[in-house]
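Worksheet for the structure shown next.
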Amino acid sequence: MRELNTIEEKLLDRTLYLIGKSGTMDVPVRAIVKEAGVNLGAINYYFDTKENLMDHVKEYYLDIIESTIAHLVENHRTPLEKLLGYGHDIMAYSLRYPGLQVLARNALEHQEEDPLYKEIGLALGRMNRELDQVLKAYLSVDEEAYAIRKIIFFSSLIHPSEEHALGRRYLMQIKDQGKRDVYLKTLLSSIKNG
């Protein structure tokens, strides 16, 4: 995940955060600038309109998807290493942007109307195919067992960050990369051994 060091990036980051937190793409401009700690004119200065800001948010989300896919397609890593890298990224992004699936759901529902949503839908499809390939290689189980274990794996990546967003302090341990590594290794071992 890249560090945010400009006002423009901060606005993108905080807009994506607020989309997840509010559960809707319709985040008020005033809420965005307040969360970003900038004045109202920053939106117009950097993006001209809220619609342009939202298009940049969609592009930023595409970058996030592509960075998670990168872990799954690295040829020099074992399936376990790929899944650990992927899992770390998914959990880190989910912590940073709670409810990130709001944007994914919107993209899938409106991809015929918006070219950026269509790109997001295609990227999510590619991520799913790559995950299937790596997870199947790691698990070596039949299709029925695979489907159940995939649900458990993916839900176990997303759910703790949603619980964290709701203020569940017992899940704060997933913010620490070392503890998250133990969590992911335990999860992957559990679903493999079944």
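The values are calculated or read from the model by the stated rules, or taken from the named source; none is laboratory data. As the structure is a computational prediction, the values presented were derived from the model and not from experiment. Glycine also receives a Cβ, built like all others from the backbone with ideal geometry; neighbour counts cover every protein chain displayed.
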- Message: Looking only at segment 105-139, filter to residues that are without any contact (Cβ under 8 Å) to a residue 40 or more places away in the chain and under 23 Å from LEU184 (Cβ atoms); which one of those is nearest to the chain's Cα centre (by Cα)?
- Response: ASN128
- So which of SER22, SER67 is closer than 22 Å to ASP181 by Cβ and of a type in the set (S, T, N, Q)? SER67
- Task: Quick one: which residue in VAL141, VAL134 is in a loop (DSSP other than H, G, I, E, B) and closer than 20 Å to LEU72 by Cβ?
- Result: VAL141
- Message: Could you check segment 80-109 and list, in sequence order, the residues that are among the aliphatic types (A, V, I, L, M) and assigned to a helix (DSSP H, G or I)?
- Response: LEU80, LEU83, LEU84, ILE90, MET91, ALA92, LEU95, VAL102, LEU103, ALA104, ALA107, LEU108
- Just wondering, is there one or more residues in segment 46-58 that are within 17 Å of the chain's Cα centre (by Cα), of a type in the set (D, E, K, R) and modelled with pLDDT under 90? no
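Quick grid of which residues meet (1) surrounded by fewer than 17 Cβ atoms within 10 Å (Cβ to Cβ); (2) closer than 28 Å to SER156 by Cβ; (3) of a type in the set (D, E, K, R):
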| residue | (1), (2), (3) |
| --- | --- |
| LYS50 | yes, no, yes |
| SER67 | yes, yes, no |
| LEU84 | no, yes, no |
| LEU116 | no, no, no |
- Search result, residues across segment 1-60 that are among the acidic types (Asp, Glu) and not in a loop (DSSP other than H, G, I, E, B): GLU8, GLU9, ASP13, GLU35, GLU51, ASP55, GLU59
- Note on the structure: Within segment 141-156, residues being polar (S, T, N, Q) and in contact (Cβ under 8 Å) with a residue 24 or more places away in the chain number 1
- Failed condition for TYR46, given (1) under 26 Å from LEU187 (Cβ atoms); (2) buried (at least 18 other Cβ atoms within 10 Å of the Cβ), with all others met? (1)
- Filter pass, SER94 being over 22 Å from ARG180 (Cβ atoms) and either without any contact (Cβ under 8 Å) to a residue 60 or more places away in the chain or not aromatic (Phe, Trp, Tyr) (or both): no
